[in-house]
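Heads up: the structure comes next, in structure tokens.
The values are calculated or read from the model by the stated rules, or taken from the named source; none is laboratory data. Note that the structure is predicted; figures quoted are calculated from it, not measured. For neighbour counting, all protein chains shown are included, and Cβ atoms are generated from backbone atoms with ideal geometry for every residue, glycine included.
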Amino acid sequence: MRFLPVPDAPLATPPTRSTRAVLAWLLRRAAAPFAVACAASIVANVIQAIVPAFLGAALDSGIEHGLTPRIWALALGLLALFCVYAVGDTALSYFSTLVRLRISFDIDRLVGRQATITGAALSHQTSSGEVSSIVASDSDSIGTFFQRAVPVIGAAVSFAVVAVLMLRTSPLLGTIVIIGMPLTAWIVTLVIKPLQSRQSRQREAQSEVTTITTDTVAGLRILRGIGGEEVFADRYRRASQELRRRGVQVAGTQSILMSLQVLLPGLFVAAVVWAAARLAIEGEITAGELVTFYGYTAYLSWPLMVFSFSVQEYTRAVVGVRRLRRLLETTPAAGTAAERQRLERDMRSAEPVTGMIHDTASGASFAPGLMTAIVAPNPDVSAALATRLGRFDDGASPVTLDGVDLREMGLARARASIVVAGAEAQLFTGTLRQALSGRDAPDPIPVGPAELARAEARRAGVADVDQQVRPQPRQADGDDRLLAALEAADANDVLTSLDGGLAGMITEKGLSLSGGQRQRVALARALLTEAPALVLISPTSALDSHTEARVAQRIRAARAGRTTVVVTESPLVLAVCDEVVLLGEDGRERARATHRELLARAGAGDEPALAYRRIVARATGSEDGPDGDDSGAGSAAAPAAEPTRGVDR
């Protein structure tokens with residue numbers, strides 16, 4: 001019987017056919033601590049339930065015979081029971097909390113794995129706000145439901161024990177309890193459906209607000225640049241008001257449920273006490289038995305309270321599981337879910353393929369060993385071609401590598417053969433070494449809980465970039481490769497700007513770095529893959545012209561002898577490429593030559609070349625002259641020199 005999950009243990013795939021199937025799967029994952037918690041709950045609740053029987057027996061014995069050994073025996077029995085109760089209640093608290101944490105952790109792992117499996121297709125099937133809400137609130141709500149379910153089981157068993165004891169003493173009172181308790185519980189369940197419906201609508205509104213907030217923060221600089229802050233502020237205002245309105249509706253239903261939690265147990269206790277008092281007056285039960293019945297009835301308000309609380313948690317859990325099911329039913333655009341799940345493992349043993357790359361949609365081919373640029377009047381057209389080369393969507397037009405369709409060679413082999421580095425430099429919180437080498441980075445130096453606590457305390461008031469609580473090795477195996485990649489990407493300034501060098505911290509999304517630094521770190525990471533074919537989408541768009549020229553030359557040197565495809569409009573990068581492929585508005589190849597040859601053709605009036613010159617002129621911010629010369633021609637020679645380094649844009 002294992003209570004804690006095995007580190008890095010594989011996570012099974014839950015059934016998504018129904019909400020109950022998901023809940024049952026989660027329960028099986030936490031079966032061991034749940035079973036122990038239920039046993040502890042039964043012990044603790046039954047002891048609480050039978051305490052009135054001891055008090056009533058002691059009262060009757062004292063009235064009839066005074067202080068006798070029987071009363072001492074009853075007192076010692078109660079003391080022993082309370083000792084057992086203390087142990088049981090402690091175990092109940094510990095193991096029920098363990099159940100909640102275990103289930104919440106499994107849900108977080110499921111979300112992380114599903115986001116990884118689905119990849120870029122996730123944003124087309126669900127919103128970022130919904131994903132965030134599942135991790136931030138739904139996982140805890142589902143875990144809390146199972147934690148609340150443990151006392152419900154103990155309360156149910158104790159109710160059965162009390163009902164039997166009451167029936168043995170007074171069939172009338174026992175019958176009232178057996179009928180009244182389920183009836184009271186049934187009345188509480190009438191609130192479940194309307195509460196579920198309103199909570200579901202509230203969660204949808206909350207997801208929308210989260211999505212708007214995430215989008216606004218991610219694009220804040222752009223919004224300020226185009227003056228769109230007020231538009232997003234108004235959109236957020238409307239969404240937040242809708243969330244408030246739906247929250248009030250949920251609160252109204254919850255207030256009814258909370259009122260029932262107080263009213264129904266009170267009425268139930270009053271009814272049982274009234275009936276017991278009548279029996280005591282008539283002499284059918286003793287004074288001690290009256291006290292016992294009152295104690296039983298007062299205790300029974302606790303199971304009712306536990307049940308009503310579990311109803312609230314159940315409604316939240318059902319809403320959360322429905323959203324989790326929707327997320328788990330998302331599908332990747334490329335490959336199967338099983339392929340995506342084992343992709344990292346399969347890529348370690350996958351044999352890369354080299355050869356001619358051909359895109360059927362554009363008709364463009366990319367020869368092995370050459371550095372080829374893609375240029376289009378619409379940047380989205382060239383970026384779409386680059387994306388197709390990486391097999392990110394199996395529904396797109398086929399791409400062949402060495403005559404074989406990428407979709408037929410297996411996802412791991414396709415990804416091992418062609419690596420695509422997107423236009424956005426995605427960096428995560430961690431060290432520079434982790435940003436470059438990912439899972440291959442060494443683990444932090446192990447430290448004890450006391451040292452971690454001291455490190456956490458020292459973080460107060462410290463800049464985000466220095467908030468590293470676990471020591472990192474200053475040097476590690478493989479650092480030479482990382483340093484060489486940083487040199488090739490002209491990113492040595494990033495290394496020197498961090499106190500710890502490769503062990504220095506980078507904050508979330510790399511916001512502690514400038515835009516150009518983030519882009520060059522991402523470029524170094526792409527070069528480290530040493531892929532047979534590397535596709536770079538706008539790898540120098542955030543760099544000044546001096547740095548851009550230097551980086552272009554170094555990319556060519558670092559990728560010598562291997563296939564490199566670059567989506568760019570920069571004449572500084574185009575000039576170092578072996579050939580340039582010009583696409584038309586329809587995405588088809590219109591021309592192919594070197595940068596200089598295309599500019600020369602433009603001077604001769606060639607229409608595709610003229611279109612190419614206009615694209616290059618647009619990128620440099622200049623305009624075509626009547627003689628056919630433009631800034632692009634002059635810029636073509638720029639990379640030959642090693643200009644002094646400028647400042648990133």
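The numbered conditions (1) surrounded by 12 or more Cβ atoms within 10 Å (Cβ to Cβ); (2) at pLDDT below 75; (3) within 30 Å of Thr297 (Cα to Cα) are all true for Gln206 except (3). The residues of segment 364-405 that are farther than 15 Å from Val535 by Cα and crowded, with 22+ Cβ neighbours inside 10 Å amount to a single one, Ala376.
For (1) of a type in the set (A, V, I, L, M); (2) surrounded by fewer than 20 Cβ atoms within 10 Å (Cβ to Cβ), each residue gets a yes or a no:
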{"position": "Arg481", "(1), (2)": "no, yes"}
{"position": "Glu487", "(1), (2)": "no, yes"}
{"position": "Val494", "(1), (2)": "yes, no"}
{"position": "Ser497", "(1), (2)": "no, yes"}
{"position": "Gly501", "(1), (2)": "no, yes"}
{"position": "Arg525", "(1), (2)": "no, no"}
{"position": "Pro539", "(1), (2)": "no, no"}
{"position": "Val551", "(1), (2)": "yes, no"}
{"position": "Arg562", "(1), (2)": "no, yes"}
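None of Leu257, Leu243 is modelled with pLDDT under 70 and either in contact with a Lys or Arg (Cβ under 8 Å, 6 or more places away or on another chain) or assigned to a helix (DSSP H, G or I) (or both) except Leu257.
Taking each residue of segment 544-565 that is over 26 Å from Thr387 (Cβ atoms) and looking for partners that are aliphatic (A, V, I, L, M) with beta-carbon atoms closer than 7 Å, six or more apart or interchain, yields Asp544/Val647; Ser545/Leu572; Ala549/Leu572; Ala549/Ala638; Gln553/Val576.
Beta carbons closer than 8 Å, at least 6 apart along the sequence or on distinct chains, pair a first residue in segment 109-123 that is over 14 Å from Leu11 (Cα atoms) with a second that is assigned to a helix (DSSP H, G or I) and of a type in the set (D, E, K, R) for Thr118/Arg340; Gly119/Arg340. Residues in segment 274-322 that are at pLDDT below 75 and among the β-branched types (Val, Ile, Thr): Ile285, Thr286, Thr297.
The residues on offer are Pro608, Pro639, Pro571, and the sole one that is in contact with a His (Cβ under 8 Å, 6 or more places away or on another chain) and either over 22 Å from Glu424 (Cβ atoms) or at pLDDT 95 or above (or both) is Pro571. Across segment 521-537, not a single residue is classified as among the polar types (S, T, N, Q), at pLDDT below 80, within 27 Å of the chain's Cα centre (by Cα) and part of a loop (DSSP other than H, G, I, E, B). Can you name every residue in segment 100-126 that is in a helix (DSSP H, G or I), polar (S, T, N, Q) and surrounded by 17 or more Cβ atoms within 10 Å (Cβ to Cβ)? Once the filter is applied, which keeps residues that are in a helix (DSSP H, G or I), polar (S, T, N, Q) and surrounded by 17 or more Cβ atoms within 10 Å (Cβ to Cβ), segment 100-126 yields Ser104, Gln114, Thr118.
The residues in segment 209-234 that are at pLDDT 75 or above and either buried (at least 16 other Cβ atoms within 10 Å of the Cβ) or over 30 Å from Lys509 (Cα atoms) (or both) can be counted, and the count is 0. Does segment 339-350 contain at least one residue that is more than 23 Å from Val581 (Cβ to Cβ), assigned to a loop (DSSP other than H, G, I, E, B) and either among the hydrophobic types (A, V, I, L, M, F, W, C) or within 36 Å of the chain's Cα centre (by Cα) (or both)? Scanning segment 339-350, I find at least one residue that is more than 23 Å from Val581 (Cβ to Cβ), assigned to a loop (DSSP other than H, G, I, E, B) and either among the hydrophobic types (A, V, I, L, M, F, W, C) or within 36 Å of the chain's Cα centre (by Cα) (or both), so the answer is yes. Taking every residue in segment 88-99 that is without any contact (Cβ under 8 Å) to a residue 24 or more places away in the chain and surrounded by 21 or more Cβ atoms within 10 Å (Cβ to Cβ) and pairing it with any residue that is among the basic types (Lys, Arg) and assigned to a helix (DSSP H, G or I), at least 6 positions away or on another chain, yields no pair with a Cβ-Cβ distance below 9 Å.
Do we find that Arg518 is surrounded by fewer than 17 Cβ atoms within 10 Å (Cβ to Cβ), modelled with pLDDT of 90 or more and assigned to a helix (DSSP H, G or I) in this structure? Spelling it out, it is not the case that Arg518 is surrounded by fewer than 17 Cβ atoms within 10 Å (Cβ to Cβ), modelled with pLDDT of 90 or more and assigned to a helix (DSSP H, G or I).
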